[in-house]
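A short worksheet on the structure shown next.
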Amino acid sequence: MKNFDLQAWVRPNIWALKPYSSARDEFSGNEGIFLDANENPFGGKNRYPDPHQRALKKVLSERNNIPVDQIFIGNGSDEVIDLVYRVFCEPGKDRVIICPPTYGMYEVSANIHNVEIISIPLNDEFQLNIDSILSQSAKCLFVCSPNNPSGNRLNNVQRLLDEFQGIVIVDEAYIDFCDNQSYTTLLPQYPNLIVMQTFSKAWALASARVGVAYASKDIIAIMDKTKPPYNVSRFNQEEALKALSKPEKHAYRVATILQERELLKDALLQLPVVRHIYPSDANFLLVEVTDANALYEYLVTQKVIVRNRHSVVRNCLRITVGTPEENKTLLQALEAFPLTGAAELQPIVR
């Protein structure tokens, strides 16, 4: 997006906002007698966390070759999504574009903030309808690549960056499971780009709630002054730092999930209950079955819990890749499913 004037896109009250200044903003040292933040003087968990997550940002900066001032740490990616609406979208006035089927929090957050949604569905191959998107006027555009729940990478995102007149948010929650280069490499070219990533998936820290946004330093500065002062706990920051300190463990887990994904896909295609499996660049498979509702309920009785996506993609279950043992249990349960009158069905080749 050429001739990008950030102030023209930020809500005027947010642009003029004077941020809250916490005790840890005014003094950030580690030594001394701390009588400044009304903390309880007893106990090992009594101190407020670093409100700017300096240690975590430093490691991420070195790992990804992105300046610290272009990194935002959130209480999960959901906080990043919420902040995008708070920073850029005037309630009852502005519009955003989402491309279903996709991650549901884009829509939920829009509804919370009373922001109009322009819904431009993905095509039959779960790819973006670029021309339809570009024909609309909106403050923000959310795209998820690899996409949830379809699992595939989205094509032509760079064309949107070139031509869309607004803020483009690319959600890369599953980027570690595909071969594509992150869109963070394009940040210097596109001042209207925000890239979201998370520690929940490949880093196995879903319970820690640590999300990351990469953007221009000016966008990050606006997000930083809009967030709550202590939005990410010390314990969650420490867990993220521990994970980053063990890159070999991370690489091994990702490689194992990718291997299991292919093994699981091949095994599922042998089952008469499975009609089709969509291509996946994530840690899950979107699987079309003969009757998603019946199969989901059956699996629950077997204590195997998958996600029923029938309401989003007809007769589809979203199956997360588990450990080898968990995947074996899933397959055994599916093999025992009492399929009546459909044993002759073959997987559909598309």
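The values are calculated or read from the model by the stated rules, or taken from the named source; none is laboratory data. It should be emphasised that the depicted structure is a prediction, and the values quoted were computed from it without experimental measurement. Neighbour counts are summed over all protein chains in view; Cβ atoms, including those assigned to glycine, are modelled from backbone coordinates with ideal geometry.
Some points to look at:
- Flag if Ile117 is free of Cβ contacts under 8 Å to residues at least 24 places away in the same chain and not charged (D, E, K, R): yes
- Residue among Pro272, Pro229 that alone is modelled with pLDDT under 95 and over 25 Å from Ala37 (Cβ atoms): Pro272
- Residue check, Thr329 at pLDDT below 95 and not assigned by TED's automatic domain parsing to the domain that holds Phe177: no
- Subset of region 131-162 [without any contact (Cβ under 8 Å) to a residue 24 or more places away in the chain and not acidic (Asp, Glu)]: Ser132, Ser135
- Residue within region 179-190 that is more than 29 Å from Ala255 (Cβ to Cβ), within 12 Å of the chain's Cα centre (by Cα) and of a type in the set (Phe, Trp, Tyr) present: no
- Top-ranked residue in region 1-46 [being touching an Asp or Glu at 6+ places or on another chain (Cβ under 6 Å) and farther than 22 Å from Val68 by Cα; ranked as surrounded by the most Cβ atoms within 10 Å (Cβ to Cβ)]: Arg11
- Residues that are out of contact with any strand residue (DSSP E or B) (no Cβ under 9 Å at 6 or more places or on another chain) and among the basic types (Lys, Arg) within region 37-57 comprise Lys45, Arg47, Arg54, listed in sequence order.
- Residue count for region 166-194, restricted to those that are surrounded by fewer than 24 Cβ atoms within 10 Å (Cβ to Cβ) and closer than 15 Å to Asp69 by Cα: 4
- Identity of the residue in region 277-304, among the aliphatic types (A, V, I, L, M) and within 23 Å of Thr198 (Cα to Cα), that ends up surrounded by the fewest Cβ atoms within 10 Å (Cβ to Cβ): Leu285
- Region 165-208, subset among the aromatic types (Phe, Trp, Tyr) and assigned to a helix (DSSP H, G or I), residue nearest to Phe72 (Cα to Cα): Tyr183
Residue-by-condition table, conditions (1) in contact with a helix residue (DSSP H, G or I) (Cβ under 9 Å, 6 or more places away or on another chain); (2) under 21 Å from Pro121 (Cα atoms):
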{"position": "Leu269", "(1), (2)": "no, no"}
{"position": "Val274", "(1), (2)": "yes, no"}
{"position": "Asn283", "(1), (2)": "yes, no"}
{"position": "Tyr296", "(1), (2)": "no, no"}
{"position": "Asn308", "(1), (2)": "yes, yes"}
{"position": "Asn315", "(1), (2)": "yes, yes"}
{"position": "Gly322", "(1), (2)": "yes, no"}
{"position": "Glu325", "(1), (2)": "no, no"}
{"position": "Thr329", "(1), (2)": "no, no"}
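- Meets criteria (surrounded by fewer than 21 Cβ atoms within 10 Å (Cβ to Cβ), at pLDDT 95 or above, aliphatic (A, V, I, L, M) and in contact with a strand residue (DSSP E or B) (Cβ under 6 Å, 6 or more places away or on another chain)) for Leu161: yes
- Figure legend. Inter-residue proximity from region 177-204: first residues not assigned by TED's automatic domain parsing to the domain that holds Asn283, second residues in a loop (DSSP other than H, G, I, E, B) and surrounded by fewer than 16 Cβ atoms within 10 Å (Cβ to Cβ), beta-carbon distance below 6 Å, spacing 6+ or different chains. Indicated pairs: Pro191/Phe4; Asn192/Phe4.
- Test result for Glu62, over 22 Å from the mean Cα position of the chain (by Cα) and among the acidic types (Asp, Glu): no
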